[in-house]
Amino acid sequence: MAAAARFLSRSASIKSAISNVNGGVHSCLGITLVRLSPNGTCSSRTQRRHVSHFTFQPDPVPTQYGPTQKMNLFQSVTSALDNTLATDPTAVIFGEDVAFGGVFRCTVGLRDKYGKDRVFNTPLCEQGIVGFGIGVAVAGATAIAEIQFADYIYPAFDQIVNEAAKYRYRSGNLFDCGNLTIRAPWGCVGHGSLYHSQSPEAFFAHCPGIKIVVPRSPVQAKGLLLSCIADQNPCIFFEPKILYRAAVEQVPTEPYTIPLSQAEVLQEGSDVTLVAWGTQVHVMREVATMAQEKLGVSCELIDLQTILPWDTETVCKSVAKTGRLLISHEAPVTGGFAAEISSTVQEECFLNLEAPIARELLKITIRTYNMSPLLPSALPSSHRSLAKPERGYPNVIQQDR
């Protein structure tokens, strides 16, 4: 393709342009995003990056779903739950502290409005929360369970993987728990350390029988959450907690759904395909802008939205057009869902690829998790994504292993 030829002929100038982009941001190792002032304190630029490693860009105001109201992401989740409780008399919401509004206020006011029998607290026992939800769903009610942080979901792993996901199969379709939806705050905020920063979607992506969804914005959060609640399969709905208050949009007040397992092309391009979900969509939006302005590279940006089952058709169609693919997520590289996407695209689009598939992911060690100031420097940023590749082929992407 034309872009590949342009990269090959202009690799030196591209290297120079990228060096200018990264000036003052990276150390010689390319992993430090902070700069210290002469007195050893963080500069204001560093402090801003500790708050957020991206800039939220709202989508156009939706007009097809009726009147809208300004909401942040946690308010849009509350709106979806409110709509469900109002229209489904069997729906119940439960989890740690949800009766008080939850640690992120996603259920605030719902107990007072609908009663303590429909919105109630549980013990601090994740396997018990999910196990109870399975039983409620099997009995025919709509169960909406909250795991206080996605990092705490692992004690419920057996209940999700061996019970919820396999209930329909095990009973020969006589019984199912498809009315179960599990919500969990997910991803990094830059200072959450080891128990409040994880992105565990890949752990569950190996398991058929469940659906996994990650929204990028308030509008998407409400529509996708309502779709999960209505879906006849157990769903895990991961909510990017850094967006709870940082993301603000005009959100429809009435119920609406957004189809699951359909990726969305947010920006069309011709030179390289960028795939992300959740918070990283906004990082990749910055990459697309920087690549166009600094390198003259046209990026096609795709929000995967549903991790399992994911939309292979949309991604492969884009890669067949652009010939290049960069995947970005907050989870570590080994076993991350980017590997599954890479494998599928390599199998389906091998003859269309102009360069190796690249991944821009979390550079993580236990040291990074334990030292909160280091965590922002480990996140996959727009500057790292645009940096000179380590593998020697001209591109706007970087391989981190």
Return the distance in nm (one decimal) between the two label points of a simple spin-label model at Leu174 and Val108, each offset 7 Å from Cα along Cα→Cβ. 4.7
Extension gain (nm, one decimal) between Asp59 and Lys321, 0.36 nm per residue minus Cα-Cα: 91.9 nm
On a full-extension model of 0.36 nm per residue, what is the gain between Asp88 and Gln69, subtracting their alpha-carbon distance, rounded to one decimal in nm? 4.6 nm
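What does the C-alpha gyration tensor say about the overall shape of segment 178-233? Classify as rounded when a/c is under 1.5, otherwise prolate if a/b is larger than b/c, or oblate.
Numbers: a/c = 2.66, a/b = 1.42, b/c = 1.87.
Note, shape of segment 178-233 comes out oblate.
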Keeping every protein chain present and rolling a 1.4 Å probe, give me the accessible area per residue for segment 99-224 in Å². 39
Rounded to the nearest Å, what's the spacing between the alpha carbon centres of segment 142-206 and segment 302-354? Just the number, please. 23
Taking a probe of 1.4 angstrom, what is the accessible area of Arg111 in Å², to the nearest 10? 90
When the accessible area of segment 103-144 is split by element with a 1.4 Å probe, what percent falls to carbon and sulfur? 58
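Over segment 202-246, with every protein chain in place, what whole percent of the accessible area is carbon and sulfur at 1.4 Å, could you tell me? Mind dumping the intermediate values first?
Working: 650 of 1090 Å².
It is 60 percent, rounded to a whole number.
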How would Thr314, Thr55, Thr334, Thr273 rank on accessible area, largest to smallest, probe 1.4 Å? Thr334, Thr55, Thr314, Thr273
Seen from all sides and averaged, what is the projected area of the convex hull of the Cα atoms in segment 164-261, in nm²? 7.2
Please give the solvent-accessible surface of Lys166 in Å², to the nearest 10, using a probe radius of 1.4 Å with every protein chain present. 70
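Starting from the Cα-Cα distance between Leu124 and Leu351, subtract it from 0.36 nm times their residue separation and give me the gain in nm to one decimal. Don't skip to the end; give the middle numbers.
Numbers: separation 227, 0.36 × 227 = 81.72 nm, distance 5.16 nm.
Full extension from Leu124 to Leu351 adds 76.6 nm.
For segment 245-336, with every protein chain kept in place, what is the accessible area per residue (1.4 Å probe, Å²)?
Values: 2990 Å² over 92 residues.
Value returned for segment 245-336: 32 Å² of accessible area per residue.
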Global form of segment 140-182, assessed from the alpha-carbon gyration tensor, a/c cut-off 1.5: oblate
With label points built 7 Å along Cα→Cβ from the Cα atoms of Gln262 and Val161, find their separation and express it in nm. 3.2
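The values are calculated or read from the model by the stated rules, or taken from the named source; none is laboratory data. Source: prediction; values computed, not measured. Backbone-built Cβ (ideal geometry, glycine too); neighbour counts: all protein chains shown. Note: areas computed on protein heavy atoms with side chains; ligands, DNA, RNA excluded. Shrake-Rupley method; radii C 1.70, N 1.55, O 1.52, S 1.80 Å.
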